[in-house]
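Remarks on the structure that follows.
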Amino acid sequence: MACGWRMIGAMLLGVTAAQAAENPLARDRWRSRVLVISAPEAGDPRVTAQRGALEKARAGMKERDLVIREAFGDTPEARRLRAALGLPGDGFRVVLVGKDGEAKRTETAPIRADALFETIDAMPMRRDERRH
């Protein structure tokens with residue numbers, strides 16, 4: 001019987017690894033909120049503006065368990081990130097993904113850090129985190 005449980009466990013781990021390979025956001029689920037910045041190229045002025053807004057807000061990002069993932073160009077990783085969120089490859093998008101792995105906010109222009117933090121702070125999971 002123990003051998004059967006090991007086999008089931010190995011199968012479940014295999015599915016999890018496969019899912020993570022297909023969806024690069026899977027590794028952050030239940031650990032971090034993710035801000036995905038997507039653009040046709042890293043040199044897009046909106047990318048520069050978004051990075052600048054976030055650079056000034058590092059402490060707030062850390063406090064909210066927020067990490068950044070970038071999808072630029074047509075790399076395999078960029079395609080997987082866009083596919084996971086249903087994003088086009090030819091436009092600028094900023095997507096906030098909750099710890100549950102679901103998109104919570106999508107913008108077509110850079111988002112101010114305070115507006116991003118307001119969205120996060122209104123989430124039920126974040127309110128629970130602040131109480132404990």
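Throughout, read-outs are computed from the coordinates displayed, never taken from laboratory work. Worth saying up front: this structure is predicted, and the values here are computed from it rather than measured. Reconstructed Cβ throughout: ideal geometry from the backbone, glycine too, with neighbour counts over all protein chains shown.
Overview of values
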item: DSSP-defined beta bridges in region 25-131 - what % are antiparallel, rounded to 5; result: 55 percent
item: Region 25-129 shape via C-alpha gyration tensor axes, a/c threshold 1.5; result: oblate
item: Label-point separation, residue 77 to residue 58 (7 Å along Cα→Cβ), nm; result: 2.0 nm
item: Alpha-carbon centroids, region 87-109 and region 50-86: separation in whole Å; result: 9 Å
item: Label-to-label distance, nm, for residues given as residue 67 and residue 105 (7 Å Cα→Cβ offset); result: 2.1 nm
item: Two-site label geometry, residue 22 and residue 125: point separation in nm, points 7 Å out along Cα→Cβ; result: 2.1 nm
item: Relative contact order (%) - criterion: Cα under 8 Å, at least six apart; region: region 25-131; result: 36 percent
item: Shape call, region 83-132: gyration tensor on alpha carbons, a/c limit 1.5; result: oblate
